[in-house]
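The values are calculated or read from the model by the stated rules, or taken from the named source; none is laboratory data. Since we're looking at a predicted model, the values are computed, not measured. Don't worry about glycine lacking a Cβ; one is built from the backbone with ideal geometry, like all the others, and counts go over all protein chains shown. Remember, those area values only see protein heavy atoms, side chains included, never the ligands or the DNA or RNA. Shrake-Rupley method; radii C 1.70, N 1.55, O 1.52, S 1.80 Å.
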Amino acid sequence: CMQRFVANKNEVSNANAVLSGNLGLVLMEQSNFAEAFKYLKRCVTIRKKLGVVDKNLASSYTCLGTCYANYGDYAKALESFFSALEIEQAIGVDRADMTITYSNLASTYADMSDYESAKKYYDLAIEALDSSKQDNSVVRATLYNSIGTMYHALGNITESFYYLEESKSLKSDIYGED
């Protein structure tokens, strides 16, 4: 399969987009960012050439943004995450589905020490999560942990403690006591 992909790397197909994206994610996990960027950008390019603006294109931008954030290129990470958000809003995905995009934006702003913007997007992530009728306890626990960490970085120990305790409580409910 890989040989076929290498031979047909310019083929515009959903299968090639999926393979490029998956290879990019594996390379990102290995911290091989130069190669990861190449495959993740190829994934986005193929999806754009396919001409379908959908959740898959938004997800491709999210993966690219995650790679940029892990690499420390926060400006490009934000650009990719905002592209994903724009697509999600344009196609009318369920608001709860935007939780991860809002959280990615918040985390990136927090990594940049722009805590005002981080708080704005964490709040949007919580609001989006609250709009869901599904049990999202795992996502909520992760969000609360991130918010608690942000407040700790700001020196607001009271708020930090509150969110970290809420996260711990949710995780205990999900996974049981340690």
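Express in nm, to one decimal, how much length is gained between residue 123 and residue 152 on full extension, taking 0.36 nm for each residue of separation and deducting their alpha carbon distance. Write down the numbers at each step before the final one.
Values: separation 29, 0.36 × 29 = 10.44 nm, distance 1.66 nm.
That works out to 8.8 nm of additional length.
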Acute angle (nearest 10 degrees) that the helix 55-71 long axis makes with the longest principal axis of the chain, alpha-carbon atoms = 70
Taking every pair of alpha-carbon atoms in the chain, what share in percent sits in each 10 Å bin, from 0 to the bin with the longest distance?
-> 10, 31, 33, 19, 6, 1
The relative contact order of the chain, taking Cα pairs under 8 Å that sit 6 or more residues apart, comes to a percentage of 12
Of the peptides 63-69, 12-18, 23-29, 144-150, how do they stack up when ordered by the mean number of other Cβ atoms within 10 Å, highest first?
-> 63-69, 144-150, 23-29, 12-18
Mind pulling the angle between the C-alpha long axis of helix 137-154 and the longest principal axis of the chain? Nearest 10 degrees, somewhere in 0 to 90.
-> 70
Excluding same-chain residues fewer than 8 positions from residue 49, which lysines have a Cα within less than 25 Å of its Cα?
-> 9, 38, 41, 76
Pseudo-spin-label distance residue 54 to residue 74, built 7 Å along Cα→Cβ, given in nm, is 3.5
For residue 30 and residue 111, what does the FRET efficiency come to when R0 = 25 Å and r is the distance between their Cβ atoms, rounded to the nearest 0.05?
-> 0.75
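Please list 125-132, 85-92 highest first by mean number of surrounding beta-carbon atoms within 10 Å per residue.
Numbers: 125-132: 17.6, 85-92: 15.4.
Packing order, densest peptide first, comes out as 125-132, 85-92.
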Add -39500 (n - 2.57) for each DSSP H run of 4 or more in the chain, then divide by its residues: what number comes out at 222 nm, to the nearest 500 deg cm²/dmol?
-> -26000 deg cm²/dmol
In nm, give the distance between the simple-model label positions of residue 177 and residue 161, each being 7 Å from the Cα along the Cα-to-Cβ direction.
-> 2.2
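What shape does region 76-142 have by the C-alpha gyration tensor, where a ≥ b ≥ c are the square roots of the eigenvalues, rounded means a/c under 1.5, and otherwise prolate means a/b greater than b/c and oblate the rest? Present the calculation step by step, with values, prior to reporting the outcome.
Numbers: a/c = 2.27, a/b = 1.22, b/c = 1.86.
Oblate shape, in that a/c is at least 1.5 and b/c is the bigger or equal ratio.
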Helix 99-111: angle to the longest alpha-carbon principal axis of the chain, degrees 0 to 90, nearest 10?
-> 80
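Taking all protein chains in place and a 1.4 Å probe, what share, in percent, of the accessible surface of the chain do carbon and sulfur account for?
Details: 4920 of 10010 Å².
That share works out to 49 percent.
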First check a/c for region 125-178, with a ≥ b ≥ c the square roots of the eigenvalues of its C-alpha gyration tensor; if it is under 1.5, answer rounded, and if not, answer prolate when a/b is larger than b/c or oblate otherwise.
-> oblate
Would you kindly compute the Cα radius of gyration of region 54-95 and its largest Cα-Cα separation (Dmax), both in Å?
-> 10.2, 30
